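**Student:** Attaching a single structure in structure tokens format; questions to follow.
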């Protein structure tokens with residue numbers, strides 16, 4: 001893919017767009033990225049990169065989450081779309097893998113940010129290299145482009161790439177830190193690791209070849225951008241990162257007591273029986289559940305008090321009856 005990119009006519013400036021553009025550009029330049037400026041006689045500025053990138057007119061806050069659940073807002077360029085550069089070499093040596101901590105998304109970010117990771121010795125540090133490095137460290141195998149040579153092709157055989165170590169996420173609003181997000185736009189698409197949750201159509205993304213410093217052989221170092229999810233295709237979620245909902249034991253409908261039999265006197269109520277047997281009174285569903293555990297022995301054998309309340313007679317307790325607590 002040839003170098004591309006954004007053009008701004010200096011004679012007819014949208015200042016909101018230019019501020020966002022320059023802010024993003026400066027971030028890349030400070031990082032030593034492969035961004036170059038060309039000025040044409042017509043007053044246009046052409047930004048050249050070794051990947052296709054569409055910058056946003058508006059800067060959207062970049063929200064990341066730390067391993068202890070804290071939320072942080074950081075400075076990062078806002079990107080509408082990005083398309084990788086160069087084909088993935090499925091026949092590469094894949095001998096350049098090295099250990100990177102994958103215990104948490106934050107740990108992997110700290111281990112790789114600012115580095116050039118090229119696992120196949122081809123085309124430098126592409127977005128696919130970082131993802132494949134993660135697969136190697138986390139799952140003990142390489143990521144596959146499914147024969148397409150493109151990052152977006154990883155979804156073509158997502159079952160193979162997910163294996164037993166990942167689950168798939170198809171709803172972008174459900175994204176969370178650690179998800180490997182695949183974008184399907186352009187010729188090659190893009191892939192990177194989410195560092196935050198869904199944020200009004202954007203996600204904080206750790207990735208390579210998306211504006212970091214130049215790497216030998218091509219591509220650029222791992223950095224963080226805030227990218228639109230308009231081209232979201234799917235995501236791989238490492239199963240060890242799945243957020244477990246807290247397990248809460250449902251409160252028993254009634255306390256369990258040793259009160260087994262009760263002789264019903266005129267005027268007795270279930271609330272009186274519950275209070276004397278259980279030392280508490282709870283109404284509503286708890287009272288219904290409690291009534292279901294008391295059964296008539298004389299007047300309506302094996303009918304619960306609750307069933308009696310809902311019978312044609314409308315009576316659950318009968319004066320002179322013996323009832324049994326079955327639990």
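**Student:** Over the Cα atoms of the stretch 92-249, compute the convex hull volume and normalise it per residue, giving Å³.
**Tutor:** Spread over its residues, the Cα hull of the stretch 92-249 gives 113 Å³ apiece.
**Student:** Right, something else. How long is the gain from residue 167 to residue 322 if the chain were fully straight, where each residue apart is worth 0.36 nm and the alpha carbon distance is subtracted?
**Tutor:** Numbers: separation 155, 0.36 × 155 = 55.80 nm, distance 5.68 nm.
Value of the extension gain: 50.1 nm.
**Student:** Most exposed first by the Cβ proxy, i.e. fewest other Cβ within 10 Å, how do 220, 271, 145 rank?
**Tutor:** 271, 145, 220
**Student:** On to the next question. Could you list 277, 157 in order of exposure, starting from the residue whose Cβ has the fewest other Cβ atoms within 10 Å?
**Tutor:** Values: 277 18, 157 14.
Fewest-to-most ranking of 277, 157: 157, 277.
**Student:** Using the Cα gyration tensor of the stretch 261-325, with a ≥ b ≥ c the square roots of its eigenvalues, what is the shape: rounded (a/c below 1.5), prolate (a/b larger than b/c) or oblate (neither)?
**Tutor:** Verdict is oblate for the stretch 261-325.
**Student:** At 25 °C and a viscosity of 0.890 mPa s, what translational diffusion coefficient does Stokes-Einstein give for the stretch 114-164, taking Rh as the Kirkwood radius over Cα pairs? Give it in µm²/s as a whole number.
**Tutor:** Result for D is 219 µm²/s.
**Student:** Also, I was wondering about something else. Classify the stretch 178-224: rounded, prolate or oblate, from the alpha-carbon gyration tensor (a ≥ b ≥ c, eigenvalue square roots; a/c under 1.5 rounded; otherwise prolate if a/b is larger than b/c)?
**Tutor:** Taking the square roots of the gyration eigenvalues as a ≥ b ≥ c, the stretch 178-224 is oblate.
**Student:** Same structure again: Which of 133, 171 comes first, and how do the rest follow, when ranked by fewest Cβ neighbours within 10 Å?
**Tutor:** Fewest-to-most Cβ neighbours within 10 Å comes out as 171, 133.
**Student:** Moving on to the next point. Assuming R0 = 51 Å, what is the FRET efficiency of residue 312 and residue 72, from their Cβ-Cβ distance, to the nearest 0.05?
**Tutor:** Calculated transfer efficiency: 0.20.
None of the figures in this text is laboratory data; all of them are computed from the coordinates on show. Just so it is clear, the model here is predicted, and its values are computed rather than measured. Positions of Cβ are generated from backbone atoms using ideal geometry, with glycine treated the same way; all protein chains shown enter the neighbour counts.
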